[in-house]
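The values are calculated or read from the model by the stated rules, or taken from the named source; none is laboratory data. Bear in mind the structure is a predicted one, so any value in this text is a computation, not a measurement. Positions of Cβ are generated from backbone atoms using ideal geometry, with glycine treated the same way; all protein chains shown enter the neighbour counts. Please note that ligands, DNA and RNA were not included when accessible areas were found on the heavy atoms of the full protein model with its side chains. Shrake-Rupley method; radii C 1.70, N 1.55, O 1.52, S 1.80 Å.
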Amino acid sequence: MKDKLRVGILGATGAVGQKFIEVLDGHPWFEITALAASERSAGKRYADAANWIGSMSIPPAIADMEVVAAAPDLEADFVFSGLDASAAGDIEPLFAREGYPVISNARNYRMAEDVPLLIPEVNPDHTALIDQQDRGDGFIVTNPNCSTVGLVCALKPLVDRFDVDAVHVVTMQALSGAGYPGVSSLDALGNVVPYIGGEEDKVVTEPTKLLGRLVDGRIEPAALRVSAQCTRVPVLEGHLEAVSVQFRGTVYAEDVKEALRTWHNPIAGYDLPSAPARFIEVFEDERFPQPRRHVGLGRGMTVSVGRIRSCEVLDVKFIVLSHNTIRGAAGGAVLNAELLVRQGRLAKRAVAGVVAG
Ligand code: NAP
């Protein structure tokens, strides 16, 4: 892309905001031009406002930028939102009303009827919901909860090939999913916390929308039931999920393997910079996937599936691993924006009365 699109990050100082900065570093299409956060951070140099927890240093051009308030007057063509849910509900629609496309990680609008809940490989056609939005000249697009993402990526090839009736999942979620400082070390170390507030509800409801069909401008939810138990484990990055699936009709473990291996990725030809070469990696080695060894596959955008075998209670069971802050948050949102560019829904916009070059 000759002229990069200008990007604002809302919630730029938070854990997800920092991940946006990392994954956008050197991005061929997008360049960060505005960093916004709360009044607590506004007016400060980014390096002073953010408690940087990233694995790389703050890119020098970003470190010296001034953090501004999250008001819809940013020099940007669109914004990514890593806002706390308590702020996203009011701030994201304000930006949409003022003409900004908002690509959000927050939970507030995920289940709104007119808002796409998007994973580009799973439901790229759901972006048509944007046409139903009456939110000003801008719009809101969301990505799913970080545990929903891995689960739904693994289920999509199965839903396309078979008749999935019910899914049971137990999640083992990394600490980074709770942001910073997140779970107290006294709770986390040498322990498993068998409760994550609000999480199970998201993992139960979001898949039916993501795997639903777009019919006459609305999403017809997928006819499958999900039961979830969500736990927090002392792992830094990577949500592991133990999944069992029940089908209507006879489906064997070998059929599931074959479906995962031969599934046609609908965005395979789109050449999106953040799309991994391999969407799903299927492991034969019984010991895999493991968070520490495999979370970085495809620069954190590949979803790993292993231990596919028959289930004594439902039909087939397996293990899924996905990177919670990349595929499950910032990387997923950037891929959403790339898809919107390819679909002609994201482009240069006029800012403060000046048509951008
Ligand atoms: P976080 O570390 O607490 O960061 C929250 C950000 O929101 C900070 O930049 C904060 O700015 C800003 N903020 C808070 N109140 C504000 C206000 N009134 N006006 C403007 N900005 C405000 O949270 P996080 O872990 O990055 O999560 C951010 C969002 O992403 C949440 O909605 C979360 O549910 C979602 N999410 C998180 C993950 C994950 O892995 N952590 C994954 C998927 C989705 P200040 O620094 O100035 O306070």
message: Could you tell me how many of the residues in region 165-205 are open to solvent by 40 Å² or more (accessible area, probe 1.4 Å), within 19 Å of Leu236 (Cβ to Cβ) and among the acidic types (Asp, Glu)?
response: 1
query: Considering Gly238, Gly212, Gly249, Gly197, which residue is farther than 22 Å from Leu117 by Cα, at pLDDT 95 or above and outside the structural domain of Val23 (by TED's automatic domain parsing)?
result: Gly249
query: Which pairs do you get when a residue that is more than 23 Å from Gly300 (Cβ to Cβ) and open to solvent by less than 90 Å² (accessible area, probe 1.4 Å), found in region 34-57, comes within reach of a residue that is assigned to a helix (DSSP H, G or I) and within 9 Å of the ligand (Cβ to nearest atom), reach meaning Cβ atoms under 8 angstrom, with the pair 6+ apart or on two chains?
result: Ala37/Gly17; Ala37/Ala49; Ser38/Ala87; Ser41/Ala49
query: Which of the residues that make up region 31-50 are out of contact with any helix residue (DSSP H, G or I) (no Cβ under 9 Å at 6 or more places or on another chain), among the polar types (S, T, N, Q) and in a loop (DSSP other than H, G, I, E, B)?
result: none
- prompt: When region 123-144 is examined, which residues are found to be open to solvent by 10 Å² or more (accessible area, probe 1.4 Å) and within 28 Å of Arg161 (Cβ to Cβ)?
  reply: Pro124, Asp125, Ala128
query: Could we say that Arg6 is more than 8 Å from the ligand (Cβ to nearest atom) and of a type outside the set (Asp, Glu) here?
result: yes
- line: Scanning region 2-23 for residues that are open to solvent by 10 Å² or more (accessible area, probe 1.4 Å), in contact with a Phe, Trp or Tyr (Cβ under 7 Å, 6 or more places away or on another chain) and in contact (Cβ under 8 Å) with a residue 40 or more places away in the chain gives Ala15
field: Test result for Leu74, open to solvent by less than 20 Å² (accessible area, probe 1.4 Å), out of contact with any Phe, Trp or Tyr (no Cβ under 7 Å at 6 or more places or on another chain) and over 19 Å from Ala330 (Cα atoms)
entry: yes
field: In region 216-232, the residues that are farther than 24 Å from Val316 by Cβ, in a loop (DSSP other than H, G, I, E, B) and open to solvent by less than 50 Å² (accessible area, probe 1.4 Å)
entry: Gly217
query: If you take the residues of region 18-50 that are more than 17 Å from Ile103 (Cβ to Cβ) and among the basic types (Lys, Arg), which of them is farthest from the ligand (Cβ to nearest atom)?
result: Arg45
message: Quick test of your reading of the structure: Phe80 fulfils all but one of (1) surrounded by fewer than 16 Cβ atoms within 10 Å (Cβ to Cβ); (2) within 27 Å of Asp271 (Cβ to Cβ). Name the failing condition by number.
response: (1)
